[in-house]
There are 2 protein chains.
Amino acid sequence: MSTQPGDVFSSHCGSRTVLDHVTSKWAVLVLSALDRGPMRFSALRRRIDGVSEKMLAQTLRTLEADGFVVREVAPTTPPQVTYRLSWLGAELTVHLSGLLDFITTRLPDIQAARRA
Amino acid sequence: MSTQPGDVFSSHCGSRTVLDHVTSKWAVLVLSALDRGPMRFSALRRRIDGVSEKMLAQTLRTLEADGFVVREVAPTTPPQVTYRLSWLGAELTVHLSGLLDFITTRLPDIQAARRA
DNA sequence: CAGTATCCGTTGCGATACTG
DNA sequence: CAGTATCGCAACGGATACTG
């Protein structure tokens, strides 16, 4: 019930770090985009409106380091780099997609409830 | 399939704003804490390790404005202010709790998969 | 195509002090 | 107790330019 090791409520625990990565500004959108299938860098850029190259690259590197995304390079010229969800990433994205669906479908209610 | 009005993938849509609020550094933790029942300001501060008064107040105000959290003041001295989830907030938190549970329980796998 | 590097303004956010 | 106000630094993150 109270704070336990690994609990998100305690700082300096790994789970807090992962939570911050996953809920960062662009990570949610990247993961959800990849949920529909592997995508290349430029396709992701086009899909996610407003993301800069820098932030997309940074987000992808973080997600790859956390084991949620797999980066695959085809040895062609020009090189084709494809990103896809790992098994762990797919499990994660189930939860995120549920969140996105909720926000999207309930947006009218949210905006109706909004004050000031 | 492609970008639609209200879609999170397009910027300048309300859903993107709400998503940013909800996935902000402290909002996830506040909502999850309130999921167990109403809490007072100072109790939330103690529960959520590392949050400053400023950020807790700011987060609560945003969540209240979005209609996810309800603020109730008991007319006593000293005043007792209690925060609780609205119906909409409770629905939202279902998804967030799922996310937190996933991260917490799968943390070993995540850290095992982590590179560099 | 798929990035990296640099610059640099904006914002996040902790610390501190003060209020009803 | 339950906040608000102000300060100030560090990190976030967008724009631009450059690379293999």
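Bear in mind that the values in this text are calculations on the coordinates, not laboratory data. Since this is a predicted model, take the numbers as computed values, not measurements. Every residue, glycine as well, gets a Cβ built from its backbone with ideal geometry; the counts of neighbours run over all protein chains shown.
Quick notes on this structure:
- Candidate set from the stretch A:48-66 (those that are within 10 Å of chain B (Cβ to nearest Cβ) and either within 19 Å of A:G89 (Cα to Cα) or among the aliphatic types (A, V, I, L, M) (or both)); member that is farthest from DNA strand C (Cβ to nearest atom): A:D66
- Pairing residues of the stretch B:38-63 that are on the phi > 0 side of the Ramachandran plot with residues that are within 10 Å of DNA strand C (Cβ to nearest atom) and of a type in the set (S, T, Y), at Cβ distances under 9 Å and at least 6 apart in sequence or on separate chains, gives B:G50/A:S11.
- Single match in B:V8, B:V94, B:V69 (criterion: more than 16 Å from DNA strand C (Cβ to nearest atom), more than 7 Å from chain A (Cβ to nearest Cβ) and crowded, with 17+ Cβ neighbours inside 10 Å): B:V69
- For the stretch A:27-81, filtered to residues that are farther than 19 Å from A:L100 by Cα, among the small types (G, A, S) and not in a helix (DSSP H, G or I), the residue that is farthest from DNA strand D (Cβ to nearest atom) is A:G67.
- Residue list for the stretch B:72-90, restricted to those being surrounded by 13 or more Cβ atoms within 10 Å (Cβ to Cβ) and within 11 Å of chain A (Cβ to nearest Cβ): B:S86, B:L88, B:G89
- Being more than 9 Å from DNA strand D (Cβ to nearest atom) and of a type in the set (D, E) is a property that does not hold for B:D20.
- Filtering B:T82, B:T76, B:T105 for residues that are among the polar types (S, T, N, Q) and under 27 Å from A:Q111 (Cβ atoms) leaves a single hit, B:T82.
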